[in-house]
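Below is one structure, written out as structure tokens; the observations come after it.
The values are calculated or read from the model by the stated rules, or taken from the named source; none is laboratory data. Note that the coordinates shown come from a computational prediction; the quantities given were computed from them, not determined experimentally. Every residue, glycine as well, gets a Cβ built from its backbone with ideal geometry; the counts of neighbours run over all protein chains shown. Surface accessibility is based on the protein's heavy atoms, side chains included, excluding ligands, DNA and RNA. Shrake-Rupley method; radii C 1.70, N 1.55, O 1.52, S 1.80 Å.
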Amino acid sequence: MTIVLFSAYRSFPADVQGLGHQSLGMLSLTASGLLFCAGPLIPEAVLLFAANSTMLGAAGLMLIGTQLFFGRKPSWWWLALAWVIGMVCLVGWYVITQDYALRVAVFSLLTLSFYVAQLVLLVRHGERHFSSWFFGTLLLVQSLVLLLRLFAALSGAVGTSNASNGAVQGIFLLTANFMTLMMAVGFMTIATRRLQVVMEHRSNSDPLTGVLNRRGFAAAYHREVALMKRHGKPMTLLSIDLDYFKAINDQYGHAVGDRVLVHAAHTTVSALREIDHVARFGGEEFIVLLSGTTAEQAKATAQRIRASLFEARGGDVPDYTVSIGIASQQAPDESLEALMARADAGLYRAKAAGRDRSEAA
């Protein structure tokens, strides 16, 4: 699974973060297991510090990977503090008390904090999808096992060494080996889901402006038609065209023209509701689909878009205006092509009337 995570890290797009730290954490966890198995070959003091510090670092790296995955600032200070506390505990254990239960309690608590933090991240920022539920269940099981081990250590039920027999020790060792594999599977599940979302977004979005492209808009339109069939609500299309855009390109260059297009797209999106859809249909033409909106309501929205573009002028883009055509669809049997043709007719009237205005079809 370390190889699988590392391979995904090398091949997945940069939008999917955290795979590298997760693979390094899994590698560290594997190394700690090998160190514990090499007891007869390594001096006890070296084994004690190397294996435990590697195991603690593995859990911390997994937390860092999950934080990066969800776009949060990595808590390196947390990992460093936990590692220092663990090493101080080991020194005290080796030099002073050699109380195995105390050592188990401290390391269980430190490791538990890493897994609980991942679970909280998943609950707060994870997508409501099977992949998140699956990974969250694994984190919960791992946290509960560590909590059981912590309580067992505090009650003196963990024996005197890792080789001690007992129900709690057996459950922990069995679960730890199984979870080493399953935690990697769980993270790969949410990473693969993120990859799917990223690829779908890229295939449905205009690469320059980030709004929908023709393919993405067609899918949004068909969803709105389905809603119209169920609820009978109208929808309205706005055809938006930047005025004299060729002159902007000729005077300022295509780089500035691209900034104008991005500015227009982002400003238009900010003037709309989350349920509305914005798409770029090539060149300087944008299409807006207003869900559950009549023609009269759409006229107010068109005015709001023009006002927002006027207020947002300045900065690194030259002043510009837009013309807007409006067409409302009342019945679900009208095709998208027919609706767009009516909106374009309104747009042509707005252009003919002097531009920087909106006209209904």
Within segment 121-129, does at least one residue satisfy the condition of being part of a helix (DSSP H, G or I), open to solvent by 40 Å² or more (accessible area, probe 1.4 Å), of a type in the set (A, V, I, L, M) and in contact (Cβ under 8 Å) with a residue 24 or more places away in the chain? no
Given (1) free of Cβ contacts under 8 Å to residues at least 60 places away in the same chain; (2) open to solvent by less than 80 Å² (accessible area, probe 1.4 Å), number of the condition Ile96 does not satisfy: (2)
For the list (1) outside any strand (DSSP E or B); (2) within 18 Å of Thr294 (Cα to Cα); (3) not small (Gly, Ala, Ser), I need the number of the one condition that Val262 fails. (2)
Among the residues of segment 129-148, which ones are closer than 18 Å to Thr189 by Cβ and not hydroxyl-bearing (Ser, Thr, Tyr)? His129, Phe130, Trp133, Phe134, Phe135, Gly136, Leu138, Leu139, Leu140, Val141, Gln142
Please enumerate the residues belonging to segment 330-361 that are among the polar types (S, T, N, Q) and modelled with pLDDT of 90 or more. Ser358
Flagged in segment 314-338 as closer than 19 Å to Ser358 by Cα and either part of a loop (DSSP other than H, G, I, E, B) or of a type outside the set (A, V, I, L, M) (or both), in numbering order, are Asp319, Tyr320, Thr321, Ser323, Gly325, Ser328, Gln329
Identify all residues within segment 273-290 that are buried (at least 19 other Cβ atoms within 10 Å of the Cβ) and not aromatic (Phe, Trp, Tyr); write none if there are none. Asp276, His277, Val278, Ala279, Arg280, Glu284, Ile287, Val288, Leu289, Leu290
Looking for whichever is open to solvent by 40 Å² or more (accessible area, probe 1.4 Å), aliphatic (A, V, I, L, M) and not in a strand (DSSP E or B) here; the options are Ala341, Ala307, Ala350. Which one fits? Ala341
A careful count of residues in segment 48-74 that are in a helix (DSSP H, G or I) and closer than 14 Å to Gln118 by Cβ gives 12
Filter pass, Ala219 being of a type in the set (A, V, I, L, M, F, W, C), open to solvent by less than 10 Å² (accessible area, probe 1.4 Å), part of a helix (DSSP H, G or I) and in contact with a helix residue (DSSP H, G or I) (Cβ under 9 Å, 6 or more places away or on another chain): no
How about segment 222-266: which of its residues are closer than 24 Å to Lys299 by Cβ, open to solvent by 40 Å² or more (accessible area, probe 1.4 Å) and of a type in the set (A, V, I, L, M, F, W, C)? Leu227
Contacts under 6 angstrom Cβ, first residue in segment 327-341 being more than 20 Å from Lys299 (Cβ to Cβ), partner part of a helix (DSSP H, G or I), 6 or more apart: Pro332/Val225; Pro332/Met228; Pro332/Lys229; Leu336/Tyr221
